[in-house]
Structure formats: structure tokens, C-alpha cells
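Structure, as C-alpha cells:
The values are calculated or read from the model by the stated rules, or taken from the named source; none is laboratory data. Just so it is clear, the model here is predicted, and its values are computed rather than measured. Don't worry about glycine lacking a Cβ; one is built from the backbone with ideal geometry, like all the others, and counts go over all protein chains shown.
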Amino acid sequence: MHHLRKVFAAAVAAVALSVTVGVSPARAADNPYERGPNPTLAALDASRGPYSVSTENVSSLVSGFGGGVIYYPTTTSDGTFGAVAISPGYTATWSSLSWLGPRIASHGFVVIGIETNTLLDQPGQRGDQLLAALDYLTRSSSVRSRIDSSRLAVAGHSMGGGGSLEAARDRPSLQAAVPLAPWNLTKSWSGNRVPTLIVGGESDSIAPVATHSELFYSSLNSSTEKAYLELNNASHFFPQSVNTPTARLAVSWLKRFVDNDTRYDQFICPGPSGLSIEEYRSTCPLS
């Protein structure tokens with residue numbers, strides 16, 4: 001009886017401790033990649049997420065891409081993070097998308113915004129450079145110890161978005177791809193198996209959604225998790241300034257598929273709505 005009382009007391013103490021510190025042992029065991037507090041719409045729509053972010057410049061002398069900027073959570077107490085490489089579009093530099101770096105990193109990712117080898121690089125070249133940037137992040141960068149090299153993603157704008165489709169096709173081990181107003185002469189991506197979120201602009205005259213974003217989305221294999229967000233009356237250049245619907249869904253997509261964090265399902269399924277949204281399609285419910 002004395003032994004049973006000791007066992008019972010130990011069990012009660014363990015439960016009390018888990019309640020006190022707010023830890024769910026079952027949840028932690030189910031998903032060791034979960035990072036950050038429970039998400040809210042307000043938190044996703046804010047200019048910064050829960051993590052403080054530091055930056056580091058990358059020299060143009062690195063191999064495989066043209067340098068860039070790394071954004072990373074300053075904390076070392078939450079373990080490693082997933083990583084995302086992002087490419088600008090044709091004739092553009094990283095500065096055209098730089099708001100995305102700290103925005104995404106502040107939700108618990110290491111982000112590298114790349115400069116391309118030349119401003120005229122085509123989607124295939126940009127795809128190769130995105131993968132080279134991920135390799136640099138995980139193998140050579142000063143923040144490599146902060147990164148889980150099994151949880152990587154790509155994104156990009158215009159030809160950079162087309163490049164993210166190329167990178168996802170060439171490296172199916174990637175966990176997510178987020179092409180923004182993507183441009184590519186290749187129209188079928190049925191071989192891609194990476195969960196892909198495509199965001200297009202209804203009024204895009206450079207990469208019209210009917211011949212680019214919508215076509216790319218439809219071509220993706222139906223067994224692959226995918227979503228398509230079309231922004232009402234948005235031009236080709238919507239990613240070049242702060243765009244809340246894009247940020248909200250992109251962060252949710254990355255959290256869901258890079259971190260396996262099902263807390264973000266609520267922002268993907270049924271998905272965004274409102275005056276700024278022209279259309280939303282997805283493979284909901286997510287498996």
C-alpha cells in the first residue's frame with residue numbers, strides 16, 4: 001500500500017508539472033517540430049511573429065548563387081528550425097521582396113533571400129540557385145547548427161516563383177514550395193510531389209493567371225497537397241510590397257508542411273475569404 005501511495009503521488013506530481021509549465025507530453029511526442037505559441041489570425045497578420053530575428057549578409061563570392069541575406073530566430077532554446085530559400089524575379093534583386101525575410105523568420109524559420117547570379121537568369125537557373133542556397137545554409141553558413149536539414153522549402157516571385165517549381169521538381173525531398181505570381185514556359189508540373197501553395201494576381205499582365213498560376217496549379221498531381229490563392233485585382237508585382245493575405249497563407253503553409261504543425265490547418269482549410277480574395281482552391285481536407 002505504501003508503494004502504491006508513492007506511485008500515485010509521483011503521477012500526480014508529473015501531471016501538476018506538465019500543467020504548470022504548459023507542456024503537453026503527448027503533443028510534443030506527436031510532433032517534435034512544433035515551434036511557437038498557438039497561432040491566431042491576429043498574430044499571422046501582424047508585421048512580426050513571436051520570434052526575435054537577427055540578420056546576416058552572405059557574400060556574392062559564395063558558390064552557386066549570388067549571395068543574399070539570412071534571417072534567423074535569435075533564440076537557441078527551441079532547438080533547430082526549418083529553412084526557406086526565396087528568389088526574386090527577372091531583373092529584380094532581393095530588396096524587392098525583403099519584407100518577406102523577417103516576416104517568415106519571425107514565425108520560426110531560417111530564411112535566406114538570395115541574389116541571383118545575373119538579373120536575367122531564367123527559372124531553371126533560379127531553381128538551381130535556390131537549391132544551392134539551401135545547401136549553403138545547411139552545410140557552410142554560420143547558422144547551420146540552427147537548421148534541421150531535413151525540413152527545407154523554397155519560394156520565389158515571377159521567374160523566381162517559376163524557379164521554385166523547378167527546385168521542387170528537382171529535389172522532391174523538399175517539404176514545401178510557395179511560388180508567387182510564378183512565370184515559367186513549362187506548363188505541366190505533374191511530376192512534382194512537394195506540397196505547393198501558388199499565389200497569383202487577378203490583374204497580372206506579365207504572368208497571367210490563366211496561362212501561369214492557374215495552369216500550374218491544375219497540372220500538379222492530385223495526390224500532392226496543393227492550394228491556389230488568387231488576389232482580387234492584384235498586379236504581377238503584389239509580392240513587392242507588404243501583402244497580408246499572402247503572408248498569412250504562406251506562413252501557414254510553411255508551418256503546416258515544414259513543421260508538420262496541424263495547428264495551422266485552420267488557416268488553410270477552408271482558407272481565406274474577403275474582398276481581397278478573388279478565388280481560393282485547395283486539396284482540403286489535408287491528410
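Scanning the range 54-88 for residues that are farther than 25 Å from Lys255 by Cβ and surrounded by 13 or more Cβ atoms within 10 Å (Cβ to Cβ) yields Val62, Gly64, Phe65, Gly66, Gly67.
Being surrounded by fewer than 18 Cβ atoms within 10 Å (Cβ to Cβ) and either modelled with pLDDT of 95 or more or under 22 Å from Ser213 (Cβ atoms) (or both) is the requirement here; does Ser95 meet it?
Details: surrounded by fewer than 18 Cβ atoms within 10 Å (Cβ to Cβ): yes; either modelled with pLDDT of 95 or more or under 22 Å from Ser213 (Cβ atoms) (or both): yes.
Taking the combined requirement at face value, the residue satisfies it.
Restricting attention to the range 60-109, which residues are among the β-branched types (Val, Ile, Thr) and in contact with a Pro (Cβ under 7 Å, 6 or more places away or on another chain)? Result: no residue meets the conditions. Of the candidates Val53, Val15, Val69, Val58, the single residue that is at pLDDT below 95 and on the phi < 0 side of the Ramachandran plot is Val15.
Residues in the range 203-219 that are in contact (Cβ under 8 Å) with a residue 40 or more places away in the chain and either of a type in the set (Gly, Ala, Ser) or surrounded by fewer than 17 Cβ atoms within 10 Å (Cβ to Cβ) (or both): Ile206, Ala207. For the range 230-244, taking the residues that are among the small types (Gly, Ala, Ser) and farther than 14 Å from Pro102 by Cα, the one that is surrounded by the fewest Cβ atoms within 10 Å (Cβ to Cβ) is identified as Ser235. Of the residues making up the range 214-226, just one is aliphatic (A, V, I, L, M) and either closer than 20 Å to Pro245 by Cα or in a loop (DSSP other than H, G, I, E, B) (or both), namely Leu220.
For the range 80-98, name all the residues that are outside any helix (DSSP H, G or I) and free of Cβ contacts under 8 Å to residues at least 60 places away in the same chain. Those that are outside any helix (DSSP H, G or I) and free of Cβ contacts under 8 Å to residues at least 60 places away in the same chain: Thr91, Thr93, Ser98.
In the set Ser150, Ser164, which member is hydroxyl-bearing (Ser, Thr, Tyr) and under 21 Å from Pro208 (Cβ atoms)? Full working, then the answer.
Numbers: Ser150 fails: under 21 Å from Pro208 (Cβ atoms).
Just a single option satisfies the conditions, and that option is Ser164.
In the range 139-151, the residues that are at pLDDT 95 or above form Cβ pairs under 7 Å with partners that are in a helix (DSSP H, G or I) and of a type in the set (Ser, Thr, Tyr), at six or more places apart or across chains, as follows: Arg144/Thr138; Ile147/Thr138; Ser149/Thr138.
Among the residues of the range 37-79, write down those that are in a strand (DSSP E or B) and among the charged types (D, E, K, R). Matches in the range 37-79: Glu56 only.
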